[in-house]
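Here's the structure we're looking at; comments come further down.
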Ligand code: NAD
């Protein structure tokens with residue numbers, strides 16, 4: 001018998017007026033970056049996500065060298081619902097062939113993305129992984145170019161993304177208030193790394209919407225484990241594997257626990273989980289629903305936290321400033 005789920009809660013995204021579902025759909029897996037995904041599975045995953053109340057979909061030209069945007073575009077079209085019913089973000093500046101944060105490239109990029117997504121506009125255009133560029137170029141050249149795209153109606157809001165948390169303060173301290181509407185942080189609000197917590201008061205004081213991505217630490221907190229390219233240290237990988245094994249032996253699921261951990265903090269508007277199938281969508285939405293109904297499994301969470309304690313908040317270098 002089909003299980004029917006109530007709709008996911010919506011949360012305000014900073015001052016944008018957008019209301020994003022607490023679980024967002026990360027479309028990087030649709031670019032086959034973790035494992036191969038068929039078009040049929042990609043479209044079905046997007047449709048199931050929307051049916052279960054996920055209204056926010058995130059992609060980038062970088063994911064699978066444009067493949068994720070194309071797959072997401074097909075999935076969204078197949079929804080057959082008015083454009084205002086879903087929220088889409090894509091990115092610019094990072095591509096399969098490398099980084100280019102020049103005004104010329106990002107201006108061209110949005111038109112290419114819109115064509116692949118089969119959309120007239122995106123809701124959010126992010127500058128992608130800005131730690132790989134000059135942050136002064138981002139402030140003085142890229143963001144002003146993105147503001148023109150906003151004025152032209154190609155995107156409604158602007159964001160910045162990246163791994164090191166200090167990039168957010170660097171940029172937000174140097175642009176006029178309201179220029180950057182949202183930030184997307186990843187791998188910093190999951191069971192093994194919760195360092196985004198310290199930045200939340202600052203981000204709230206700036207009025208930016210907070211998107212937290214990769215609650216599964218890009219596959220570390222899953223039974224199947226991370227992809228080969230995962231940048232974590234062997235120590236971090238094996239601690240996460242031990243945590244997953246512990247959950248499995250107890251009849252619990254590390255992925256569910258990890259998603260619930262990230263969802264608890266309501267200062268985070270949406271938790272972006274990468275999903276590649278109807279099964280993953282259903283499991284992840286069910287994790288949110290179970291959280292709302294029963295709360296977290298505190299006992300298993302403290303056991304997992306103890307296993308991960310030796311590697312707590314361990315991250316990896318990213319970008320030209322930190323490499
Ligand atoms: P994630 O932590 O969400 O993990 C994704 C992996 O977990 C994939 O392999 C996925 O198939 C798997 N998974 C998902 N649900 C599962 C389930 N129920 N059971 C087992 N496995 C499951 O990592 P992510 O995909 O990198 O991050 C989420 C999204 O956030 C991305 O798709 C992307 O949209 C965004 N993101 C953006 C940036 C950036 O802007 N720099 C960086 C990372 C992520």
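Among the residues of the stretch 66-94, write down those that are out of contact with any helix residue (DSSP H, G or I) (no Cβ under 9 Å at 6 or more places or on another chain) and either buried (at least 24 other Cβ atoms within 10 Å of the Cβ) or closer than 18 Å to residue 110 by Cα (or both).
Answer for the stretch 66-94, where residues must be out of contact with any helix residue (DSSP H, G or I) (no Cβ under 9 Å at 6 or more places or on another chain) and either buried (at least 24 other Cβ atoms within 10 Å of the Cβ) or closer than 18 Å to residue 110 by Cα (or both): 87, 89.
Matching residues to (1) under 21 Å from residue 164 (Cα atoms); (2) at pLDDT below 95; (3) over 21 Å from the mean Cα position of the chain (by Cα); (4) away from the ligand (no atom under 14 Å from the Cβ):
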position	(1), (2), (3), (4)
239	no, no, yes, yes
242	no, no, yes, yes
251	no, no, yes, yes
257	no, no, no, no
281	no, no, no, no
296	no, yes, yes, yes
307	no, no, yes, yes
313	yes, no, no, yes
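Which condition breaks for residue 204 when tested against (1) within 14 Å of the ligand (Cβ to nearest atom); (2) touching a residue at least 12 places away in the same chain (Cβ under 8 Å); (3) closer than 23 Å to residue 22 by Cβ?
(1)
Among the listed residues 212, 262, which satisfies the condition of being within 12 Å of the ligand (Cβ to nearest atom), crowded, with 16+ Cβ neighbours inside 10 Å, within 17 Å of the chain's Cα centre (by Cα) and in a helix (DSSP H, G or I)? Talk me through it step by step, then tell me what you get.
On the way: 212 fails: in a helix (DSSP H, G or I).
Of 212, 262, the one residue that is within 12 Å of the ligand (Cβ to nearest atom), crowded, with 16+ Cβ neighbours inside 10 Å, within 17 Å of the chain's Cα centre (by Cα) and in a helix (DSSP H, G or I) is 262.
Mind listing whichever residues of the stretch 122-160 are in a loop (DSSP other than H, G, I, E, B) and within 16 Å of the ligand (Cβ to nearest atom)? If you could, list the steps in order and put the result at the bottom.
We begin by selecting, within the stretch 122-160, every residue in a loop (DSSP other than H, G, I, E, B); these are 128-129, 133-134, 152-154.
Scanning the stretch 122-160 gives 128, 129, 133.
Let's see how each residue does on (1) surrounded by 17 or more Cβ atoms within 10 Å (Cβ to Cβ); (2) on the phi > 0 side of the Ramachandran plot; (3) in contact (Cβ under 8 Å) with a residue 60 or more places away in the chain; (4) part of a helix (DSSP H, G or I):
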| position | (1), (2), (3), (4) |
| --- | --- |
| 226 | yes, no, no, no |
| 240 | yes, no, yes, yes |
| 247 | yes, no, no, yes |
| 272 | yes, no, yes, no |
| 276 | yes, no, yes, no |
| 279 | no, no, no, yes |
| 284 | yes, no, yes, yes |
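Out of (1) modelled with pLDDT under 95; (2) more than 11 Å from the ligand (Cβ to nearest atom), what's the single condition that is false for residue 227?
Condition (2) is where residue 227 drops out.
Among the residues of the stretch 124-153, what is the count of those that are over 11 Å from residue 106 (Cβ atoms) and crowded, with 23+ Cβ neighbours inside 10 Å?
Total satisfying the criteria: 3.
Suppose the filter is closer than 19 Å to residue 173 by Cα, within 13 Å of the ligand (Cβ to nearest atom), in contact (Cβ under 8 Å) with a residue 12 or more places away in the chain and touching a strand residue (DSSP E or B) at 6+ places or on another chain (Cβ under 6 Å); does residue 184 pass it? So that I can check it myself, show each step before the final result.
On the way: closer than 19 Å to residue 173 by Cα: yes; within 13 Å of the ligand (Cβ to nearest atom): yes; in contact (Cβ under 8 Å) with a residue 12 or more places away in the chain: yes; touching a strand residue (DSSP E or B) at 6+ places or on another chain (Cβ under 6 Å): yes.
The answer is yes for residue 184.
Yes/no per residue for (1) surrounded by 21 or more Cβ atoms within 10 Å (Cβ to Cβ); (2) without any contact (Cβ under 8 Å) to a residue 60 or more places away in the chain; (3) more than 9 Å from the ligand (Cβ to nearest atom):
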residue: 10; (1), (2), (3): no, yes, yes
residue: 23; (1), (2), (3): yes, no, yes
residue: 26; (1), (2), (3): yes, no, no
residue: 31; (1), (2), (3): yes, yes, no
residue: 40; (1), (2), (3): no, yes, yes
residue: 45; (1), (2), (3): yes, no, yes
residue: 51; (1), (2), (3): no, yes, yes
residue: 58; (1), (2), (3): yes, no, no
residue: 64; (1), (2), (3): yes, yes, yes
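Could you say whether any residue in the stretch 66-88 is within 16 Å of the ligand (Cβ to nearest atom) and in a strand (DSSP E or B)?
Of the residues in the stretch 66-88, the ones within 16 Å of the ligand (Cβ to nearest atom) are 66-73, 75-76, 86-88.
From what is left, the residues that are in a strand (DSSP E or B) are 87-88.
Yes, the stretch 66-88 contains a residue that is within 16 Å of the ligand (Cβ to nearest atom) and in a strand (DSSP E or B).
Name the pairs: first residue in the stretch 168-179 and surrounded by fewer than 13 Cβ atoms within 10 Å (Cβ to Cβ), second residue assigned to a loop (DSSP other than H, G, I, E, B), Cβ to Cβ under 8 Å, at least 6 apart or on different chains?
Correct list of pairs: 177/206; 177/207; 178/15; 178/207.
The values are calculated or read from the model by the stated rules, or taken from the named source; none is laboratory data. Here the structure is a predicted model, which means the values were calculated and not measured. FYI the Cβ positions are ideal-geometry reconstructions off the backbone, even for glycines, and counts take in every protein chain you see.
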